[in-house]
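Undergrad: Below you'll find the structure I mean.
The values are calculated or read from the model by the stated rules, or taken from the named source; none is laboratory data. The structure presented is a predicted model; accordingly, all values stated were derived computationally and were not measured. Cβ sites come from the backbone with ideal geometry, for glycine too, and all protein chains shown count toward neighbours. Ligands, DNA and RNA are excluded from the accessible area calculation, which covers all protein heavy atoms including side chains. Shrake-Rupley method; radii C 1.70, N 1.55, O 1.52, S 1.80 Å.
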Amino acid sequence: MLVSSFIVYSVLILITSEYSPFFTMAKNLPKTMKAVGLYKYLPLTDPNCLLDLELNLPMIKKDEVLVEVKAISVNPIDTKLRSPKPIIETSPRILGWDGSGTVVGRGDGCKIFNIGDPVFFTGDLRKNGSNAQYVALNEIMVGSKPKNLTFEEAAAMPLTAVTAYESLFDRLMLSKNDAGKSLLIINSAGGVGAVASQLANNLGLKVIGTASRNETEMYTLEHGSHFVLNHTKDLLPQLEEKGFKEVDFIMVNYDPYPYWDTMMKAIKPQGKICLIVDSSGLIDLKPLKDKSITLVSEMMLTRIKYETEDMFRHHEILQEVSKMLDSGILKSTVTKVLSPINADNLKEAHKLLESKRMIGKVVLSGF
């Protein structure tokens, strides 16, 4: 009687916990997986900064899917999180915040995806990421992979596309009604900038990008910008040369500190500015009041982190982006693919991003 009571009690604990015992898995899944992670936060010159590992497959919660990863992309946040700091992890930290793959498991609370569905996804900064053969994700962080894209092309898009989409539509509140107005995108040749340029162009805005090299200038023109300025030089005379005394909107995909005074002069009265990167120094907010400027910030995972009432919008945006990619409104920003997914190639990807000369997105494919 005591043993049976214990069994019943244990089952009740499992049922009421966030890790439901009821789930569906694809057949013949391995017990372990390859992954790339770290224990110490080190510079790229240290051979232990990223390590090839073998780990158990992650457990899935009732509202999560298990995705077999086919391709991943690397973002600036990966290099920031990996950068040196006096922390030693007791269990390996797996980075990686977007990718593509196939659903191979689902909790009993999942209602969107089924076993075998091809998907692309954003990661969750609060847990291990996508630099592994399998990743467990709340299904609202997952979207249907665009049918017309390869897994590599799809993997380049989720994090940057959601960031750009939220910046323009949820923060700056742009719409077709803003057609003809001007948007200055500082650093338009990166992953977010290249998506934002395409989205704004589709709305009918006059898109002004910034770059510093011939190849980055060409890239941003190919991805939706109508004009390109050199952000290593004074932007104000360049704007005037292109016929813009002031602009209606500004999106900053770089440290805003060195551009702050320029933006205060370039923005129209009652204009809007969106920041997606932290400022490296103190900035003067007084000019905002004089012109009644709206200043907003964008962090892709705000809805997820704080479990806002509209957090399901994250999935809706991924679905909308998927449709845009299939219809040709958006095109993938992948420019470099490395294979396989391992520590050496991830180090190479981090090196490219830390050089500050990366155009578009770098993707890693296959284990």
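Undergrad: Could you list, in sequence order, the residues of region 292-311 that are open to solvent by 60 Å² or more (accessible area, probe 1.4 Å), outside any helix (DSSP H, G or I) and more than 21 Å from Leu199 (Cα to Cα)?
TA: If the condition is that a residue be open to solvent by 60 Å² or more (accessible area, probe 1.4 Å), outside any helix (DSSP H, G or I) and more than 21 Å from Leu199 (Cα to Cα), then Ser292, Tyr306, Glu307, Glu309, Asp310 are the ones that fit.
Undergrad: Pick out, from region 86-189, the strands (runs of 3 or more DSSP E) lying fully within it that include 1 or more residues that are open to solvent by 10 Å² or more (accessible area, probe 1.4 Å) and closer than 22 Å to Lys34 by Cβ. Break it down into steps so the answer makes sense when it comes.
TA: Numbers: elements: 98-107, 118-122, 134-138, 142-144, 182-186.
Counting at least 1 such residues, we get 98-107, 118-122, 134-138.
Undergrad: In addition: Quick test of your reading of the structure: His226 fulfils all but one of (1) closer than 30 Å to Val74 by Cβ; (2) modelled with pLDDT under 95. Name the failing condition by number.
TA: Every condition holds for His226 apart from (2).
Undergrad: Every residue in region 6-47 that is of a type in the set (A, V, I, L, M, F, W, C), farther than 30 Å from Leu352 by Cβ and modelled with pLDDT of 55 or more, please. Step through it out loud before you land on a result.
TA: Restricting attention to region 6-47, the residues satisfying the condition of being of a type in the set (A, V, I, L, M, F, W, C) are 6-8, 11-15, 22-23, 25-26, 29, 33, 35-36, 38, 42, 44.
Okay, now just the ones that are also farther than 30 Å from Leu352 by Cβ, so 6-8, 11-15, 22-23, 25-26, 29.
Selection gives Phe22, Phe23, Met25, Ala26, Leu29.
Undergrad: Filter region 255-277 for residues that are part of a loop (DSSP other than H, G, I, E, B) and touching a helix residue (DSSP H, G or I) at 6+ places or on another chain (Cβ under 9 Å); which is least open to solvent (accessible area, probe 1.4 Å)?
TA: Only one residue tops the list, namely Pro256.
Undergrad: Right, another one. Tell me, which residue of region 50-61 that is in a strand (DSSP E or B) and not hydrophobic (A, V, I, L, M, F, W, C) is surrounded by the most Cβ atoms within 10 Å (Cβ to Cβ)?
TA: Asp52
Undergrad: Could you check region 62-77 and list, in sequence order, the residues that are at pLDDT 95 or above and either among the hydrophobic types (A, V, I, L, M, F, W, C) or in a helix (DSSP H, G or I) (or both)?
TA: Passing the criteria: Val65, Leu66, Val67, Val69, Ala71, Ile72, Val74.
Undergrad: Give me a count of the residues in region 53-100 that are of a type outside the set (A, V, I, L, M, F, W, C) and closer than 27 Å to Lys356 by Cβ.
TA: Result for region 53-100: 16.
Undergrad: Moving on to the next point. Answer yes or no: is there a residue in region 200-207 that is part of a loop (DSSP other than H, G, I, E, B), of a type outside the set (D, E, K, R) and within 19 Å of Ser332 (Cβ to Cβ).
TA: First, pick out the residues of region 200-207 that are part of a loop (DSSP other than H, G, I, E, B): 204-205.
Now narrow it down to the ones that are of a type outside the set (D, E, K, R): 204-205.
Still in the running and within 19 Å of Ser332 (Cβ to Cβ): none.
No, every residue in region 200-207 fails to be part of a loop (DSSP other than H, G, I, E, B), of a type outside the set (D, E, K, R) and within 19 Å of Ser332 (Cβ to Cβ).
Undergrad: Still on this structure: For residues in region 337-365 being in contact with a helix residue (DSSP H, G or I) (Cβ under 9 Å, 6 or more places away or on another chain) and of a type in the set (Gly, Ala, Ser), which is farthest from Thr32 (Cα to Cα)?
TA: Gly360
Undergrad: Related question: Can you pull out the residues in region 190-210 that are in contact with a helix residue (DSSP H, G or I) (Cβ under 9 Å, 6 or more places away or on another chain), surrounded by fewer than 23 Cβ atoms within 10 Å (Cβ to Cβ) and without any contact (Cβ under 8 Å) to a residue 60 or more places away in the chain?
TA: Leu203, Gly204, Lys206
Undergrad: Can you tell me how many residues in region 278-291 are open to solvent by less than 100 Å² (accessible area, probe 1.4 Å) and not in a loop (DSSP other than H, G, I, E, B)?
TA: 3
Undergrad: Tell me which of these Gly224 doesn't satisfy, since it passes every other one: (1) crowded, with 24+ Cβ neighbours inside 10 Å; (2) not in a helix (DSSP H, G or I).
TA: Checking Gly224 against (1) crowded, with 24+ Cβ neighbours inside 10 Å; (2) not in a helix (DSSP H, G or I), the one that fails is (1).
Undergrad: Count, please, the residues in region 62-85 that happen to be open to solvent by less than 30 Å² (accessible area, probe 1.4 Å) and not small (Gly, Ala, Ser).
TA: 11
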